[in-house]
Amino acid sequence: MSHGHVKTLPPSLRVWAERVVGPLSAVRDASHPRETSRVWDVTGSRGRRFFIKQSASAALYERETFGYQSAVPALGFGRAPRLVETDARQLALLLTAVPGTPVSRLTLPGPEHRSAHRQFGALLRRLHGTDKMPGAGRREARDALERLADDAEYHLARAGDLMSENRRALVRRSADHVRKLTDLLAPAHIHGDAQERNALWTGPAVPGQRVSAWPAPGQSASGQLAIIDFERSRYAPAVQDFVRLACGPWQDRDDLRAAFFQGYGRPLSDAERQALPCLAALDAASCLAYGPDHGEHDVTARGLRTLARLESGAWGTFV
């Protein structure tokens with residue numbers, strides 16, 4: 001939900017949505033706390049909930065539309081919103097609602113938290129779909145990684161005094177190493193912002209209800225996970241979808257990381273093990289370039305925390 005002033009649904013978007021789903025009986029601002037985020041939780045006259053999302057740019061609109069049309073259906077019913085309609089002129093998407101609360105807002109017991117990450121891994125493996133990667137997607141994934149490495153200098157310049165010379169050197173070494181791994185990393189259709197705030201948890205399950213949760217042998221599932229927010233979905237190396245988890249909830253929680261890869265169905269390759277800390281360093285530089293200028297203190301904190309871990313020699317804790 002947005003903070004500060006409430007963002008009102010523009011009349012043109014309301015007219016468009018009501019043309020598709022009928023009169024809206026309720027509208028609630030559901031934007032993230034940043035100026036460019038514009039999302040509304042709406043309810044139709046028959047009680048069905050939808051989300052109206054207005055993308056911040058044409059590129060994000062195109063990415064999210066493509067993601068919902070091409071990759072998201074592989075996740076299965078109830079595991080992600082369904083795209084109902086789009087309006088390219090208004091950069092708008094109309095999406096079905098899926099139940100659940102962001103994992104980042106919950107304090108889950110250990111077994112439920114592990115189940116959530118196990119399901120997160122299973123869903124991302126479905127989304128990645130590397131077995132059906134088109135040739136154009138493979139080329140796009142390679143180009144995306146090279147652009148990421150090339151962007152390091154721009155981010156270092158914008159980060160200014162937040163980056164010591166030692167940390168700048170670390171980021172540059174990471175960029176150089178990533179370039180050497182380009183041909184060795186599995187391409188995928190990634191989510192692009194895979195973190196707990198974009199994972200909705202519904203649980204515990206109703207007693208006796210069967211939930212498809214990919215539990216570990218001998219362990220029953222306690223709820224169900226769904227993934228939202230596909231505006232950064234694109235072709236890129238699969239390992240890029242692990243960075244924000246490695247820089248966030250997996251810190252000091254080896255059990256969550258292990259549960260995730262149990263759900264994902266395979267461990268990291270040798271190249272991915274090398275790439276993940278490097279990508280974390282590049283992500284940190286991006287955080288310090290973006291966070292302070294946009295007042296996103298959590299983003300800045302993530303960047304500083306990641307660099308401190310890498311600088312202290314905790315390279316191996318990312319993998």
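The values are calculated or read from the model by the stated rules, or taken from the named source; none is laboratory data. No experiment lies behind these values; they were computed from the predicted model shown. Ideal geometry is used to build each Cβ from the backbone, glycine not excepted, and the neighbour counts take in all protein chains shown. What goes into the accessible areas is simple: the full protein's heavy atoms, side chains included, and nothing from ligands, DNA or RNA. Shrake-Rupley method; radii C 1.70, N 1.55, O 1.52, S 1.80 Å.
Assessment of region 177-190 against the conditions (under 24 Å from Phe51 (Cβ atoms) and open to solvent by less than 80 Å² (accessible area, probe 1.4 Å)) yields at least one matching residue.
For region 158-172, give me the residue count where each residue is loosely packed, with under 13 Cβ neighbours inside 10 Å and free of Cβ contacts under 8 Å to residues at least 60 places away in the same chain.
Going residue by residue through region 158-172, those that are loosely packed, with under 13 Cβ neighbours inside 10 Å are 160-161, 164-166, 169.
With free of Cβ contacts under 8 Å to residues at least 60 places away in the same chain added as a condition, the list becomes 160-161, 164-165, 169.
Residues flagged as loosely packed, with under 13 Cβ neighbours inside 10 Å and free of Cβ contacts under 8 Å to residues at least 60 places away in the same chain within region 158-172 amount to 5.
Looking only at region 265-276, which residues are surrounded by fewer than 23 Cβ atoms within 10 Å (Cβ to Cβ) and assigned to a helix (DSSP H, G or I)?
So in region 265-276, the residues surrounded by fewer than 23 Cβ atoms within 10 Å (Cβ to Cβ) come out as 265-274, 276.
Residues satisfying the conditions are Asp270, Ala271, Glu272, Arg273, Gln274, Leu276.
Out of Arg138, Arg82, Arg118, one residue alone is touching a helix residue (DSSP H, G or I) at 6+ places or on another chain (Cβ under 9 Å), farther than 30 Å from Gln54 by Cβ and of a type in the set (D, E, K, R). It is Arg118. A single member of Leu200, Leu256 is surrounded by 16 or more Cβ atoms within 10 Å (Cβ to Cβ), in contact with a Ser or Thr (Cβ under 8 Å, 6 or more places away or on another chain) and modelled with pLDDT of 95 or more, and it is Leu200.
Check region 227-240 and report whether any residue there is open to solvent by less than 10 Å² (accessible area, probe 1.4 Å) and in a helix (DSSP H, G or I).
Let us first name the residues in region 227-240 that are open to solvent by less than 10 Å² (accessible area, probe 1.4 Å), namely 227, 230, 233, 236-239.
Applying the additional criterion that residues be in a helix (DSSP H, G or I) yields 238-239.
Yes; the residues of region 227-240 include at least one that is open to solvent by less than 10 Å² (accessible area, probe 1.4 Å) and in a helix (DSSP H, G or I).
For Gly67, the requirement of being at positive phi, touching a residue at least 12 places away in the same chain (Cβ under 8 Å) and not aliphatic (A, V, I, L, M) is not met. Once region 49-79 is narrowed to residues that are part of a strand (DSSP E or B) and of a type outside the set (D, E, K, R), the residue that is surrounded by the most Cβ atoms within 10 Å (Cβ to Cβ) is Ile52.
State yes or no: is Ala284 touching a helix residue (DSSP H, G or I) at 6+ places or on another chain (Cβ under 8 Å), open to solvent by less than 10 Å² (accessible area, probe 1.4 Å), in a helix (DSSP H, G or I) and farther than 28 Å from Arg168 by Cβ?
no
Restricting attention to region 160-187 and to residues that are among the polar types (S, T, N, Q) and outside any loop (DSSP other than H, G, I, E, B), the residue that is nearest to Leu307 (Cα to Cα) turns out to be Asn166.
Which of the residues that make up region 127-143 are surrounded by fewer than 18 Cβ atoms within 10 Å (Cβ to Cβ) and either part of a helix (DSSP H, G or I) or in contact with a Ser or Thr (Cβ under 7 Å, 6 or more places away or on another chain) (or both)? Answer for region 127-143, where residues must be surrounded by fewer than 18 Cβ atoms within 10 Å (Cβ to Cβ) and either part of a helix (DSSP H, G or I) or in contact with a Ser or Thr (Cβ under 7 Å, 6 or more places away or on another chain) (or both): Thr130, Asp131, Lys132, Gly135, Ala136, Arg138, Arg139, Glu140, Arg142, Asp143. Within this structure, Phe261 passes the test of being of a type outside the set (Val, Ile, Thr), under 29 Å from Ser70 (Cα atoms) and surrounded by fewer than 23 Cβ atoms within 10 Å (Cβ to Cβ).
Looking at region 22-48 only, could you name the residues that are outside any strand (DSSP E or B) and open to solvent by 30 Å² or more (accessible area, probe 1.4 Å)?
So the first thing to find is which residues in region 22-48 are outside any strand (DSSP E or B), and the list is 22-23, 30-38, 45-48.
Pro23, His32, Pro33, Arg34, Glu35, Thr36, Arg38, Ser45, Arg46, Gly47, Arg48 - these are the residues of region 22-48 that are outside any strand (DSSP E or B) and open to solvent by 30 Å² or more (accessible area, probe 1.4 Å).
The number of residues in region 86-110 being over 23 Å from Tyr235 (Cα atoms) and either under 17 Å from the mean Cα position of the chain (by Cα) or open to solvent by 50 Å² or more (accessible area, probe 1.4 Å) (or both) comes to 12.
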